[in-house]
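Down below is the structure, laid out as C-alpha coordinates.
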Ligand code: URA
(Lines give C-alpha, C1' and ligand atoms only; values in the text may rest on other atoms or scores of the structure.)
Protein backbone atom coordinates (compact mmCIF):
# COMPACT_ATOMS: atom_id res chain seq x y z
CA UNK A 1 0.00 0.00 0.00
CA UNK A 2 1.46 3.45 -0.89
CA UNK A 3 2.17 5.93 1.87
CA UNK A 4 -0.89 8.02 2.84
CA UNK A 5 1.20 11.13 2.15
CA UNK A 6 1.53 10.08 -1.55
CA UNK A 7 -2.22 9.52 -2.07
CA UNK A 8 -4.75 11.95 -3.48
CA UNK A 9 -7.81 12.62 -1.33
CA UNK A 10 -10.07 10.16 -3.23
CA UNK A 11 -7.60 7.28 -2.96
CA UNK A 12 -7.03 8.03 0.72
CA UNK A 13 -10.80 8.06 1.40
CA UNK A 14 -11.32 4.81 -0.58
CA UNK A 15 -8.41 3.17 1.28
CA UNK A 16 -9.83 4.18 4.63
CA UNK A 17 -13.24 2.82 3.66
CA UNK A 18 -11.64 -0.48 2.60
CA UNK A 19 -9.71 -0.71 5.90
CA UNK A 20 -12.93 -0.20 7.88
CA UNK A 21 -14.67 -2.88 5.80
CA UNK A 22 -11.79 -5.25 6.58
CA UNK A 23 -12.36 -4.65 10.27
CA UNK A 24 -9.52 -2.16 10.91
CA UNK A 25 -11.80 0.37 12.54
CA UNK A 26 -9.79 1.29 15.62
CA UNK A 27 -6.63 3.42 15.87
CA UNK A 28 -4.31 1.69 18.30
CA UNK A 29 -1.44 4.17 18.20
CA UNK A 30 -1.07 7.90 17.63
CA UNK A 31 1.20 7.40 14.60
CA UNK A 32 0.85 4.84 11.75
CA UNK A 33 3.50 2.12 11.69
CA UNK A 34 4.51 0.54 8.38
CA UNK A 35 5.06 -3.04 9.46
CA UNK A 36 6.34 -3.98 5.98
CA UNK A 37 9.30 -1.69 6.58
CA UNK A 38 10.24 -3.34 9.89
CA UNK A 39 13.27 -5.66 10.04
CA UNK A 40 12.22 -9.28 9.43
CA UNK A 41 12.73 -10.31 13.03
CA UNK A 42 12.05 -7.99 15.89
CA UNK A 43 14.91 -8.11 18.41
CA UNK A 44 13.87 -9.79 21.65
CA UNK A 45 13.37 -6.99 24.15
CA UNK A 46 15.82 -7.05 27.04
CA UNK A 47 14.25 -8.07 30.34
CA UNK A 48 13.50 -4.96 32.41
CA UNK A 49 15.23 -4.77 35.76
CA UNK A 50 13.07 -6.31 38.50
CA UNK A 51 12.38 -2.98 40.22
CA UNK A 52 10.90 -1.49 37.03
CA UNK A 53 8.84 -4.49 35.92
CA UNK A 54 5.18 -3.82 35.14
CA UNK A 55 2.69 -4.38 37.95
CA UNK A 56 0.73 -7.65 37.71
CA UNK A 57 -2.36 -7.44 35.48
CA UNK A 58 -5.22 -9.08 37.37
CA UNK A 59 -7.47 -9.02 34.25
CA UNK A 60 -5.01 -10.77 31.92
CA UNK A 61 -5.84 -14.39 31.11
CA UNK A 62 -2.91 -16.78 30.93
CA UNK A 63 -2.53 -19.19 28.02
CA UNK A 64 -4.91 -22.13 27.88
CA UNK A 65 -3.43 -25.57 28.58
CA UNK A 66 -3.13 -27.40 25.25
CA UNK A 67 -5.31 -30.34 26.28
CA UNK A 68 -8.02 -28.44 28.18
CA UNK A 69 -11.59 -28.33 26.90
CA UNK A 70 -13.04 -24.79 26.55
CA UNK A 71 -16.59 -25.73 27.62
CA UNK A 72 -15.47 -27.91 30.56
CA UNK A 73 -13.11 -25.17 31.73
CA UNK A 74 -15.90 -22.58 31.42
CA UNK A 75 -18.26 -24.77 33.45
CA UNK A 76 -15.68 -25.24 36.19
CA UNK A 77 -14.76 -21.52 36.30
CA UNK A 78 -18.39 -20.38 36.31
CA UNK A 79 -19.47 -22.88 38.96
CA UNK A 80 -16.66 -21.72 41.24
CA UNK A 81 -17.91 -18.11 41.22
CA UNK A 82 -20.04 -17.36 44.27
CA UNK A 83 -20.68 -13.68 43.51
CA UNK A 84 -21.06 -11.49 40.43
CA UNK A 85 -17.66 -9.92 41.09
CA UNK A 86 -16.11 -13.39 41.27
CA UNK A 87 -17.85 -14.33 38.02
CA UNK A 88 -16.49 -11.23 36.31
CA UNK A 89 -13.00 -12.13 37.54
CA UNK A 90 -13.47 -15.71 36.32
CA UNK A 91 -14.39 -14.43 32.85
CA UNK A 92 -11.40 -12.10 32.84
CA UNK A 93 -9.13 -15.04 33.64
CA UNK A 94 -10.72 -17.40 31.11
CA UNK A 95 -8.15 -18.10 28.40
CA UNK A 96 -10.04 -19.85 25.58
CA UNK A 97 -12.09 -17.13 23.92
CA UNK A 98 -9.88 -15.28 21.44
CA UNK A 99 -12.40 -12.43 21.13
CA UNK A 100 -10.81 -10.98 24.26
CA UNK A 101 -7.57 -10.42 22.33
CA UNK A 102 -9.19 -7.94 19.94
CA UNK A 103 -11.44 -6.22 22.47
CA UNK A 104 -10.65 -3.22 24.66
CA UNK A 105 -13.05 -4.16 27.44
CA UNK A 106 -14.73 -7.07 29.07
CA UNK A 107 -18.34 -5.88 28.95
CA UNK A 108 -19.93 -7.64 31.89
CA UNK A 109 -23.18 -5.88 32.79
CA UNK A 110 -24.99 -2.67 33.63
CA UNK A 111 -27.99 -1.76 35.75
CA UNK A 112 -29.15 -3.12 39.07
CA UNK A 113 -28.29 -6.80 39.73
CA UNK A 114 -31.24 -6.96 42.16
CA UNK A 115 -33.70 -6.01 39.38
CA UNK A 116 -36.79 -8.13 38.69
CA UNK A 117 -36.00 -7.99 34.95
CA UNK A 118 -32.75 -9.12 33.36
CA UNK A 119 -32.11 -8.36 29.68
CA UNK A 120 -29.72 -10.49 27.62
CA UNK A 121 -28.43 -9.02 24.35
CA UNK A 122 -26.02 -10.40 21.79
CA UNK A 123 -22.56 -8.89 22.14
CA UNK A 124 -20.91 -5.52 22.65
CA UNK A 125 -20.41 -3.27 19.64
CA UNK A 126 -17.82 -0.58 19.20
CA UNK A 127 -19.40 1.91 21.64
CA UNK A 128 -19.91 -0.76 24.29
CA UNK A 129 -16.31 -1.96 23.88
CA UNK A 130 -15.12 1.61 24.42
CA UNK A 131 -17.37 2.27 27.40
CA UNK A 132 -17.10 -1.20 28.99
CA UNK A 133 -20.92 -1.26 29.37
CA UNK A 134 -23.63 -3.05 27.38
CA UNK A 135 -26.13 -1.20 25.20
CA UNK A 136 -24.70 2.31 25.19
CA UNK A 137 -24.68 2.97 21.40
CA UNK A 138 -27.67 3.88 19.22
CA UNK A 139 -29.45 0.57 19.94
CA UNK A 140 -28.82 1.03 23.65
CA UNK A 141 -30.28 4.52 23.61
CA UNK A 142 -33.39 3.18 21.91
CA UNK A 143 -33.54 0.39 24.51
CA UNK A 144 -33.44 2.98 27.30
CA UNK A 145 -36.33 4.89 25.68
CA UNK A 146 -38.33 1.67 25.27
CA UNK A 147 -37.82 0.78 28.93
CA UNK A 148 -38.67 4.32 30.06
CA UNK A 149 -41.98 4.06 28.19
CA UNK A 150 -43.08 1.41 30.70
CA UNK A 151 -41.41 3.03 33.71
CA UNK A 152 -38.23 0.90 33.79
CA UNK A 153 -34.63 2.12 33.84
CA UNK A 154 -31.20 0.66 34.49
CA UNK A 155 -30.62 3.31 37.16
CA UNK A 156 -34.11 3.24 38.71
CA UNK A 157 -34.22 3.59 42.46
CA UNK A 158 -34.96 0.20 43.91
CA UNK A 159 -35.14 -3.16 42.14
CA UNK A 160 -38.91 -2.94 41.39
CA UNK A 161 -38.46 -0.62 38.40
CA UNK A 162 -34.82 -1.38 37.60
CA UNK A 163 -33.34 -3.62 34.92
CA UNK A 164 -30.09 -5.55 34.79
CA UNK A 165 -28.41 -5.98 31.40
CA UNK A 166 -25.81 -8.34 29.99
CA UNK A 167 -24.92 -10.01 26.68
CA UNK A 168 -24.32 -13.56 25.46
CA UNK A 169 -20.73 -12.58 24.61
CA UNK A 170 -18.79 -10.23 26.89
CA UNK A 171 -16.23 -9.25 24.23
CA UNK A 172 -16.85 -7.43 20.96
CA UNK A 173 -16.60 -9.68 17.89
CA UNK A 174 -14.42 -8.09 15.17
CA UNK A 175 -16.41 -5.84 12.83
CA UNK A 176 -19.52 -6.76 14.86
CA UNK A 177 -19.77 -10.11 13.10
CA UNK A 178 -22.25 -12.70 14.38
CA UNK A 179 -21.13 -14.80 17.37
CA UNK A 180 -19.72 -18.16 16.31
CA UNK A 181 -21.29 -21.34 17.77
CA UNK A 182 -18.04 -22.28 19.55
CA UNK A 183 -17.87 -18.83 21.18
CA UNK A 184 -21.47 -19.10 22.36
CA UNK A 185 -20.89 -22.64 23.66
CA UNK A 186 -17.94 -21.56 25.81
CA UNK A 187 -19.71 -18.45 27.12
CA UNK A 188 -22.95 -20.25 27.94
CA UNK A 189 -21.84 -21.63 31.35
CA UNK A 190 -20.86 -18.07 32.36
CA UNK A 191 -24.19 -16.68 31.14
CA UNK A 192 -26.16 -19.35 33.00
CA UNK A 193 -24.22 -18.67 36.20
CA UNK A 194 -24.65 -14.91 35.69
CA UNK A 195 -28.42 -15.37 35.51
CA UNK A 196 -28.45 -17.73 38.51
CA UNK A 197 -26.46 -15.26 40.64
CA UNK A 198 -28.60 -12.26 39.65
CA UNK A 199 -31.71 -14.41 40.04
CA UNK A 200 -34.20 -12.20 38.14
CA UNK A 201 -37.93 -12.94 38.06
CA UNK A 202 -38.07 -12.41 34.29
CA UNK A 203 -35.53 -12.82 31.50
CA UNK A 204 -35.77 -10.85 28.26
CA UNK A 205 -33.96 -12.37 25.27
CA UNK A 206 -33.18 -9.48 22.97
CA UNK A 207 -33.01 -10.80 19.43
CA UNK A 208 -32.13 -14.06 17.73
CA UNK A 209 -28.72 -14.68 19.25
CA UNK A 210 -29.97 -14.42 22.83
CA UNK A 211 -32.93 -16.69 21.96
CA UNK A 212 -30.62 -19.19 20.36
CA UNK A 213 -28.27 -19.22 23.35
CA UNK A 214 -30.94 -19.41 26.08
CA UNK A 215 -33.83 -21.20 24.36
CA UNK A 216 -31.97 -23.07 21.62
CA UNK A 217 -34.43 -21.53 19.14
CA UNK A 218 -34.23 -18.96 16.35
CA UNK A 219 -36.89 -17.04 14.47
CA UNK A 220 -37.37 -13.98 16.63
CA UNK A 221 -40.21 -12.57 14.53
CA UNK A 222 -42.24 -15.70 15.43
CA UNK A 223 -40.94 -16.07 19.01
CA UNK A 224 -41.33 -12.42 20.08
CA UNK A 225 -44.00 -11.60 22.59
CA UNK A 226 -44.66 -15.28 23.51
CA UNK A 227 -43.81 -16.20 27.11
CA UNK A 228 -41.70 -19.29 27.38
CA UNK A 229 -39.21 -20.85 29.82
CA UNK A 230 -35.45 -20.78 29.65
CA UNK A 231 -32.78 -21.42 32.28
CA UNK A 232 -35.67 -22.39 34.61
CA UNK A 233 -37.42 -19.03 34.58
CA UNK A 234 -39.99 -17.07 32.53
CA UNK A 235 -38.53 -15.67 29.32
CA UNK A 236 -39.98 -13.07 26.99
CA UNK A 237 -38.24 -12.93 23.59
CA UNK A 238 -38.24 -9.42 22.10
CA UNK A 239 -37.08 -7.77 18.90
CA UNK A 240 -33.56 -6.38 19.22
CA UNK A 241 -33.46 -2.56 19.27
CA UNK A 242 -30.82 -2.64 16.49
CA UNK A 243 -33.42 -4.44 14.33
CA UNK A 244 -35.99 -1.78 15.26
CA UNK A 245 -33.60 0.93 14.09
CA UNK A 246 -33.42 -0.81 10.70
CA UNK A 247 -37.13 -1.73 10.57
CA UNK A 248 -39.05 1.08 12.30
CA UNK A 249 -42.38 -0.47 11.27
CA UNK A 250 -41.63 -3.30 13.74
CA UNK A 251 -41.75 -0.84 16.67
CA UNK A 252 -45.47 -1.52 16.85
CA UNK A 253 -44.74 -5.19 17.75
CA UNK A 254 -42.06 -4.09 20.21
CA UNK A 255 -44.58 -1.80 21.92
CA UNK A 256 -47.03 -4.69 22.27
CA UNK A 257 -44.26 -6.78 23.88
CA UNK A 258 -43.34 -3.96 26.26
CA UNK A 259 -46.98 -3.71 27.36
CA UNK A 260 -47.00 -7.48 27.89
CA UNK A 261 -43.91 -7.16 30.10
CA UNK A 262 -45.44 -4.24 32.04
CA UNK A 263 -48.65 -6.21 32.62
CA UNK A 264 -46.68 -9.18 33.99
CA UNK A 265 -44.69 -6.93 36.32
CA UNK A 266 -47.83 -5.25 37.59
CA UNK A 267 -49.83 -8.45 37.96
N1 LIG B 1 -26.25 -4.96 20.91
C2 LIG B 1 -26.24 -5.93 21.84
O3 LIG B 1 -26.83 -6.99 21.66
N4 LIG B 1 -25.59 -5.69 22.97
C5 LIG B 1 -24.96 -4.55 23.23
O6 LIG B 1 -24.39 -4.41 24.30
C7 LIG B 1 -24.99 -3.55 22.24
C8 LIG B 1 -25.64 -3.78 21.08
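Residue 158 falls short on exactly one of the conditions (1) within 16 Å of residue 200 (Cβ to Cβ); (2) near the ligand (Cβ under 10 Å from one of its atoms); (3) at pLDDT below 95, and that condition is (2).
Taking the criterion of being touching a strand residue (DSSP E or B) at 6+ places or on another chain (Cβ under 6 Å), within 16 Å of the ligand (Cβ to nearest atom) and without any contact (Cβ under 8 Å) to a residue 60 or more places away in the chain, would at least one residue in segment 199-207 satisfy it? No, because not a single residue in segment 199-207 is touching a strand residue (DSSP E or B) at 6+ places or on another chain (Cβ under 6 Å), within 16 Å of the ligand (Cβ to nearest atom) and without any contact (Cβ under 8 Å) to a residue 60 or more places away in the chain. Is segment 176-187 home to any residue that is in contact with a helix residue (DSSP H, G or I) (Cβ under 9 Å, 6 or more places away or on another chain), within 16 Å of the ligand (Cβ to nearest atom) and modelled with pLDDT under 95? Within segment 176-187, one or more residues are in contact with a helix residue (DSSP H, G or I) (Cβ under 9 Å, 6 or more places away or on another chain), within 16 Å of the ligand (Cβ to nearest atom) and modelled with pLDDT under 95. Answer with yes or no whether residue 161 is surrounded by 17 or more Cβ atoms within 10 Å (Cβ to Cβ), under 24 Å from residue 85 (Cα atoms) and free of Cβ contacts under 8 Å to residues at least 12 places away in the same chain. Yes; evaluated as a whole, the condition is true for this residue. Selection of segment 220-249 for residues being under 18 Å from residue 149 (Cα atoms), buried (at least 16 other Cβ atoms within 10 Å of the Cβ) and out of contact with any strand residue (DSSP E or B) (no Cβ under 6 Å at 6 or more places or on another chain) yields 225, 239, 241, 242, 244. Annotation: of all residues in segment 208-225 being farther than 10 Å from residue 237 by Cβ and touching a residue at least 60 places away in the same chain (Cβ under 8 Å), the one that is nearest to the ligand (Cβ to nearest atom) is 209. Residue 13 satisfies every condition listed in (1) within 28 Å of residue 127 (Cβ to Cβ); (2) loosely packed, with under 11 Cβ neighbours inside 10 Å; (3) modelled with pLDDT of 75 or more except (2).
Hey, can you tell me all the residues within segment 228-249 that are outside any strand (DSSP E or B) and touching a residue at least 24 places away in the same chain (Cβ under 8 Å)? Across segment 228-249, the qualifying residues are 231, 239, 240, 241, 242, 243, 244, 245. Restricting attention to segment 110-141, which residues are more than 10 Å from the ligand (Cβ to nearest atom) and not in a strand (DSSP E or B)? Hits for segment 110-141 are 112, 113, 114, 115, 116, 130, 132, 141.
The values are calculated or read from the model by the stated rules, or taken from the named source; none is laboratory data. This one's a predicted model, so the numbers in the text were calculated from it and none came from an experiment. Glycine gets a Cβ as well: all are built from the backbone with ideal geometry, and neighbour counts include every protein chain shown.
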